[in-house]
Amino acid sequence: MTRYQLAERKVDDYITYVLTDAEYPAEAHLVPGLGNNLFRFSVNNQEVFVSPEKISMIRDASARFGNPILFPPNKIRHGSFSFNGKKYQLGLNKGEHHSHGELRVRAWNVIDRGAKADRGAFVVSEFDFADHPDLLEAFQARLVFRFTYVLQDGVLRLEGEVKNESAVAAPFMLGFHPYFHVKQGHEQQTIMQVSSKLEWPVNEEGFVDGSPTSTDLCQQLTKGLAYPDMPKGRDHAFVTVGNGTTSCELIDQQESHKIVYEFGDQFPFMLVFQPSWNNSVSLEPYTAVTDAFNLDVAAEQTGARGLEPGEQFVFTHTFRVEKL
């Protein structure tokens, strides 16, 4: 049997790709037609992500399963902001605000795929604003996203490129929303570990409400915070990660394994979120804080930035399961 395989399946009227590494064994499931969501990943029968019972559930709730792609991440107040002296208006998809962007639900185009001994199983997908006139108009620039998911040596890797194909700078805010599975009955022994330097105050609507400070919760997350020990009345914390931090971990002491998420040094902010609708924790790396362009805080601190004409933003994320 060939170690690496790629299978194409039609499920709930959507084409999905199953990437397999037979040695571990490990499997990754991708649905390009619904936001290019990597909705399932398992290693040696350990589920890494919370996956839907049906693929169609991603269509109806595109930010609640797997690893949604966020552009922009989180909320934009009233969907509007300014960048380089220009006003931008995004669609209102969360009441009177904009939330999580459109890339998480729209169809991506598969431009290459395969399985090779020296590369693993892989799928290359692309999302071009030129194919979406409303996004081209909203962002006033043509951005092209090319993401490659690779399963190799039991590790899931995301190789990402975002290029500005326009003659003008484009506002840039990218994030991811992986839902890491917390096993029923293991909550007390599940530890969230995120090296955290500063915590951003967040109001009831989920918007940043001031400058960040060092808090007790930062220290707890850095040392490792048990899943049930998030402060009462809160389901999330938004932090600037520690200097030099490029990864976070979800540790299941009862199962004697941990999920290690490597997100690199280009995503210096993280939202730690415990959803009410499933047993998971979402460790969400962002390039910028929520609604960064609307904050009265220096861009050097918020991550608000542009992508210059012809500029590429290149990154690599990895997900792996390790024994303790």
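Nothing in this text is a laboratory measurement; each read-out follows from the coordinates by a stated rule. Predicted model, so just to flag it, every value in this text is computed and none were measured. Positions of Cβ are backbone-derived with ideal geometry, glycine not excepted, and every protein chain shown enters the neighbour counts.
Please turn the phi angles of the range 304-311 into ³J(HN,Hα) values with the Karplus equation 6.51 cos²θ - 1.76 cosθ + 1.60 (θ = phi - 60°), one per residue in order, whole Hz, x for glycine and proline.
Going residue by residue, I get 4, 7, x, 10, 6, x, x, 6 Hz, with x marking Gly and Pro.
Helix-derived [θ] at 222 nm for the chain: sum -39500 (n - 2.57) over DSSP H runs of at least 4, divide by residue count, nearest 500? Walk me through the intermediate numbers first.
Details: 4 runs with 24 residues, N = 324.
Theoretical 222 nm ellipticity from helices: -1500 deg cm²/dmol.
Could you list the GluC sites (Glu not before Pro) in the range 45-146 that lie in coil according to DSSP, counting only those with at most 13 other Cβ atoms within 10 Å of their Cβ? It would help to have the intermediate numbers written out before the result.
Numbers: sites: Glu47, Glu53, Glu96, Glu102, Glu126, Glu137; in loops: Glu53, Glu96, Glu102.
Sparse-neighbourhood loop GluC sites (Glu not before Pro): Glu53, Glu96.
So which lysines can Lys86 reach, going by Cα to Cα under 21 Å and dropping same-chain residues fewer than 8 places off?
Straight-line reach from Lys86, under 21 Å: Lys75, Lys163.
If you wrap a convex hull around the C-alpha atoms of the range 251-321 and split its volume per residue, what is the figure in Å³?
Dividing the Cα hull volume of the range 251-321 by its residues yields 137 Å³.
Let me know the shape class of the range 1-122, please: from the alpha-carbon gyration tensor, a ≥ b ≥ c as square roots of the eigenvalues, rounded when a/c is under 1.5, otherwise prolate if a/b is greater than b/c, or oblate.
On the way: a/c = 2.61, a/b = 2.15, b/c = 1.21.
Because a/c hits 1.5 or more and a/b exceeds b/c, the range 1-122 counts as prolate.
Where does the range 4-323 land on Rg(C-alpha)/(2.2 N^0.38 Å)? List each step's numbers first, then the result.
Working: Rg = 18.9 Å, N = 320, 2.2 N^0.38 = 19.7 Å.
Against the empirical 2.2 N^0.38 Å value, I get 0.96 for the range 4-323.
Quick one: which residues, 5+ away or cross-chain, put their amide H under 5 Å from the amide H of Asn93? H built at 1.01 Å from N.
Correct list: His98, Ser99.
Residues of the range 121-150 with backbone nitrogen within less than 20 Å of a virtual label 7 Å along the Cα-to-Cβ line of Thr246, please, listed as ranges.
Once the point is set 7 Å along Cα→Cβ of Thr246, 148-150 turn out to lie under 20 Å by backbone N, inside the range 121-150.
Give the long-range amide H neighbours of Val202: residues separated by 5 or more places, or on another chain, with amide H under 5 Å away, using H modelled in the peptide plane at 1.01 Å from N.
Sorted by chain and number, the residues that satisfy this are Asp209.
Neighbouring Cβ atoms within 10 Å as the yardstick, rank His186, His97 fewest first. Provide the component values of the computation, followed by the final result.
Working: His186 15, His97 19.
Ordered by Cβ neighbours within 10 Å, fewest first: His186, His97.
What does the charge dipole of the chain about its Cα centre add up to, to the nearest 20 debye, if the Cβ of each Lys and Arg holds +1 and the Cβ of each Asp and Glu holds -1?
Numbers: 30 positive and 42 negative charges, 48 e Å.
Here the size comes out at about 240 debye.
Under 1.5 on a/c is rounded, so check that first for the range 104-228, then, if it is not, pick prolate when a/b is larger than b/c and oblate when it is not; a ≥ b ≥ c are the square roots of the alpha carbon gyration tensor eigenvalues. All intermediate terms of the calculation are to be shown ahead of the outcome.
Working: a/c = 2.57, a/b = 1.30, b/c = 1.98.
Verdict is oblate for the range 104-228.
Quick query: amide H of Val241 versus all other amide H atoms, modeled in the peptide plane; which residues come in under 5 Å with a sequence gap of 5 or more or a different chain?
Under 5 Å from the amide H of Val241 lie the amide H atoms of Lys197, Phe269, Met270, each far enough along the sequence or on another chain.
Please find the FRET efficiency linking Glu53 to Ala130, where r is the Cβ-Cβ separation and R0 is fixed at 51 Å, and quote it to the nearest 0.05.
0.90
Write down, largest first, the equivalent ellipsoid semi-axes of the range 147-219 in whole Å, where each equals the square root of 5 times an eigenvalue of the alpha-carbon gyration tensor.
Details: eigenvalues 171, 135, 27 Å².
Over the Cα atoms of the range 147-219, the ellipsoid semi-axes are 29, 26, 12 Å.
Using the Karplus curve 6.51 cos²θ - 1.76 cosθ + 1.60 with θ = phi - 60°, work out ³J(HN,Hα) for each residue of the range 107-116 in order, rounded to whole Hz, and write x for Gly and Pro.
Here the 3J(HN,Hα) series is 6, 9, 9, 7, 10, 6, 6, x, 8, 9 Hz.
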